[in-house]
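Undergrad: Starting off with a structure, shown below.
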Amino acid sequence: MAHVPNIIIKFGGTSVATKEAVLAIVAIVKRHRTSRPVVVVSAIRGVTEALLALAKCPKAQIPSHISAIRATHEALATALFPAETVSDILGYVDAQLAKTEALARKGRFSPEKMDVLVSSGEIMSSYMISHALRAHGIDSAQVISTEIVATDDNFIQAEFLPKETEKNARKIIVPLIRKGIVPVVTGFLGCAPDGRTTTLGRGGSDYSASILGRSLGAKEIQIWTDVDGIFTADPRVVKNARIISDISYREASEMAAFGAKVLHPRTIRPAVERNIPVRVLNTFNLKAPGTLVSPRSTGTGLKAIAFKKDVVLVNVYSDSMLFSRGFLARMFEIFARHQISIDLVSVSEVSVSVTLDNSNGHLETAVKELGTFSKVGVHKDSFGMISLIGEGIASAQDIMRDVSARFSKHRIPLRMISMGASDINISLVIPATDVVRAANMVHDTFLNK
Ligand code: ADP
Ligand code: ASP
Ligand code: MG
């Protein structure tokens, strides 16, 4: 089949939450009509959270939680459509939520069950957005991505399988594009080899967009969100943050991996594999040019700051004074086997410290195993991390001296420092309560000179 160039246009939770946002979606799709767009959508803002909460609330409260999710969809549908369409949409939403409610009432929330439970968010939003496009004269079809994105069975944090996904995307999406139909694909969701629903991790719709971009050989992947693009730091936290117009794949990946929520950490990889530019844009400010993420390196030195407000710090002490041969290998094997990804590592003669993202699932079992041959200390809720990011940063002259001096001047203790071997990241573990102050201080000192 001949290649069909197209673009992927992904809208996040806020971008599908209001009438204003949905009308902007319609305008954006119209603007890109000739580029054969494939739309990817998240659940309406707050809905994923509300679905996850079903697993934690008392059984008696499940109906009222379900009613609240229904009300969110009803309010948007009512704002957008005439009565007849509203009742069609509510029929769909009710059928979906009836399944969700029945599942929630049964209890026993395994990871695979959580993925089914949470999947209704994107299923309902994609139905509504596809309707909205049709209501404005754009031929459109809802596509549920469990039919396309093949994944492993690592529920809640699944990884996609490139070959199968590419085959499915070409089989299902390409014919729609050829007919001039705009597919509206659910973000976040995939399908395990045995057919069960998986999800790609919180914020995973960005990743869905790049997976589809890679699979279809798109010429651009657009991530439409609620800020003007990628900033030098989270603009909601660092008041002097500035927009970045161009950034390299490596820098954007590093920002995402070290806490910049604007992109899901794995978004860039599929784009890199096929050299597809990624553009981050604002649904609520169509005039803003956004940020272009591409292979191009854009100068060296500090480009941006990312941070995590809480990281888990694990200290592993060897029983003998010096680590025995194979100790580190054994330790990392345990983390890997429990699907725990490590951000930073620092090794001293008697201990190894690692920081983990707070979302890691199977930490307790891993710690138990580590405890059979070492002493382990786990600190949760105490530490955060600031990362200074930019190509060539670690070799910048005097950077470490200046950074340490600043932290010392502001009386922010440094618990751990790590300079990545790839010369793009310097990360500092500090008390969680100091993260916001430190991010603003580092930004003002080094980025607002
Ligand atoms: P969406 O629902 O569109 O996926 P997200 O909330 O996941 O949106 O991501 C957008 C948010 O990311 C912004 O509102 C902003 O607060 C946050 N963010 C964190 N770091 C950055 C950054 N460096 N640049 C821009 N936004 C950032
Ligand atoms: N709805 C999912 C979440 O909230 C995926 C996404 O929004 O990207 O995590
Ligand atoms: Mg997001």
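The values are calculated or read from the model by the stated rules, or taken from the named source; none is laboratory data. Source: prediction; values computed, not measured. With ideal geometry, Cβ positions are generated from the backbone for all residues, glycine too; neighbour counts draw on all protein chains shown. Accessible surface is based on the protein model in full, side chains and every heavy atom, while ligands, DNA and RNA are left aside. Shrake-Rupley method; radii C 1.70, N 1.55, O 1.52, S 1.80 Å.
Undergrad: Just name the residue that is farthest from residue 15 (Cα to Cα) out of those in the range 210-226 that are near ligand 1 (Cβ under 8 Å from one of its atoms) and in contact with a strand residue (DSSP E or B) (Cβ under 6 Å, 6 or more places away or on another chain).
TA: The selected residue is 223.
Undergrad: If you scan the range 34-84, which residues turn out to be acidic (Asp, Glu) and within 30 Å of residue 175 (Cβ to Cβ)? Give the steps one after another, and end with the answer.
TA: Residues of the range 34-84 acidic (Asp, Glu): 49, 74, 84.
Listed by number, the list holds a single entry, 84.
Undergrad: Looking only at the range 144-180, count how many residues are surrounded by fewer than 17 Cβ atoms within 10 Å (Cβ to Cβ) and touching a Phe, Trp or Tyr at 6+ places or on another chain (Cβ under 9 Å).
TA: Total meeting the criteria: 1.
Undergrad: State yes or no: is residue 120 closer than 19 Å to residue 221 by Cα and open to solvent by less than 50 Å² (accessible area, probe 1.4 Å)? Can you show your working first?
TA: Working: closer than 19 Å to residue 221 by Cα: no; open to solvent by less than 50 Å² (accessible area, probe 1.4 Å): yes.
Judged against the criteria, residue 120 is not a match.
Undergrad: Identify all residues within the range 248-274 that are part of a helix (DSSP H, G or I), closer than 15 Å to residue 424 by Cα and not aromatic (Phe, Trp, Tyr); write none if there are none.
TA: Start the filter on the range 248-274 by keeping residues that are part of a helix (DSSP H, G or I), which leaves 249-257, 268-273.
The next check asks that each one be closer than 15 Å to residue 424 by Cα; those that pass are 249-257.
250, 251, 252, 253, 254, 255, 256, 257, listed by residue number.
Undergrad: Those residues that are assigned to a helix (DSSP H, G or I) and of a type in the set (Lys, Arg), I need them from the range 180-214; list them, please. Please lay out each step first, then the result.
TA: Quick first cut of the range 180-214, residues assigned to a helix (DSSP H, G or I) only: 205-214.
Once the filter is applied, which keeps residues that are assigned to a helix (DSSP H, G or I) and of a type in the set (Lys, Arg), the range 180-214 yields only 214.
Undergrad: So, of the residues in the range 348-375 that are of a type in the set (A, V, I, L, M, F, W, C) and surrounded by fewer than 17 Cβ atoms within 10 Å (Cβ to Cβ), which turns out to be farthest from residue 200 (Cα to Cα)?
TA: 350
Undergrad: So, one more: Out of 268, 243, report the one residue that is away from ligand 2 (no atom under 16 Å from the Cβ) and either among the β-branched types (Val, Ile, Thr) or on the phi > 0 side of the Ramachandran plot (or both). So that I can check it myself, show each step before the final result.
TA: Numbers: 268 fails: away from ligand 2 (no atom under 16 Å from the Cβ).
Sole residue among the options that is away from ligand 2 (no atom under 16 Å from the Cβ) and either among the β-branched types (Val, Ile, Thr) or on the phi > 0 side of the Ramachandran plot (or both): 243.
Undergrad: Of all the residues that make up the range 163-182, how many are farther than 22 Å from residue 133 by Cα and in contact (Cβ under 8 Å) with a residue 60 or more places away in the chain?
TA: Quick first cut of the range 163-182, residues farther than 22 Å from residue 133 by Cα only: 163-168, 170-171.
When the remaining residues are screened for being in contact (Cβ under 8 Å) with a residue 60 or more places away in the chain, the result is 170.
Adding up the residues that qualify gives 1.
Undergrad: What number of residues in the range 352-400 are within 30 Å of residue 298 (Cβ to Cβ), at pLDDT 90 or above and not in a loop (DSSP other than H, G, I, E, B)?
TA: Of the residues in the range 352-400, 8 are within 30 Å of residue 298 (Cβ to Cβ), at pLDDT 90 or above and not in a loop (DSSP other than H, G, I, E, B).
Undergrad: Restricting to the range 224-263, and then to whatever is open to solvent by less than 30 Å² (accessible area, probe 1.4 Å) and over 21 Å from residue 390 (Cβ atoms), can you tell me which residue is farthest from ligand 3 (Cβ to nearest atom)?
TA: This residue is 224.
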